[in-house]
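To keep things clear, I will list the structure first and then write my remarks on it.
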Amino acid sequence: MQQPLLTFSIEEEGARLLGEAAGGTGRAAKTMVNDGSLRIILLAMTKGTALNDHAVDGYLSVQVFRGKVGIETAGESAVLAEGNVLALPPQLVHNATATQDAILLLTISKA
């Protein structure tokens, strides 16, 4: 990281992104950290917005700060609400659908 101590407000950034999402494609994201093997992404999705099947190249955690989102893999599904966290292994194909307006913090750690 360029700075030894990096802080940001999830509530403020998330509200701004949710406004962008509502005025556009239904989703908006901002990469908060992209340093070596670590990426932290703030993602806002409006109700009904879907992210089709995809996979990431590292371990993934999804933390819900507002709203609800459904996550599906080939064999399992989960509905995450505010305060819930989900962890997925690298390269696991999954999709997501916001069942309410949602603000998510995604953390990707490459092995």
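What follows draws every value from the coordinates through simple rules; no lab data is involved. Predicted model, so just to flag it, every value in this text is computed and none were measured. Neighbour counts run over all protein chains shown; Cβ positions are idealised from the backbone, glycine included.
Summary of computed values
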{"item": "Under 12 Å from residue 68, Cα to Cα: aspartates and glutamates that are on another chain or at least 8 residues apart", "result": "82, 101"}
{"item": "Amide H within-cut-off set for residue 92, under 5 Å, with H built and near neighbours excluded", "result": "56"}
{"item": "Calculated Kirkwood radius over Cα pairs in Å (choose from (1) 18.0; (2) 14.2; (3) 15.5), label", "result": "(2)"}
{"item": "Distance-filtered residues of segment 2-21 - backbone nitrogen under 20 Å, label point 7 angstrom along residue 31 Cα→Cβ", "result": "2-10, 13-14, 17-18, 21"}
{"item": "GNM result for the chain, Cα springs below 10 Å: residue of 80, 51, 43 fluctuating most strongly", "result": "51"}
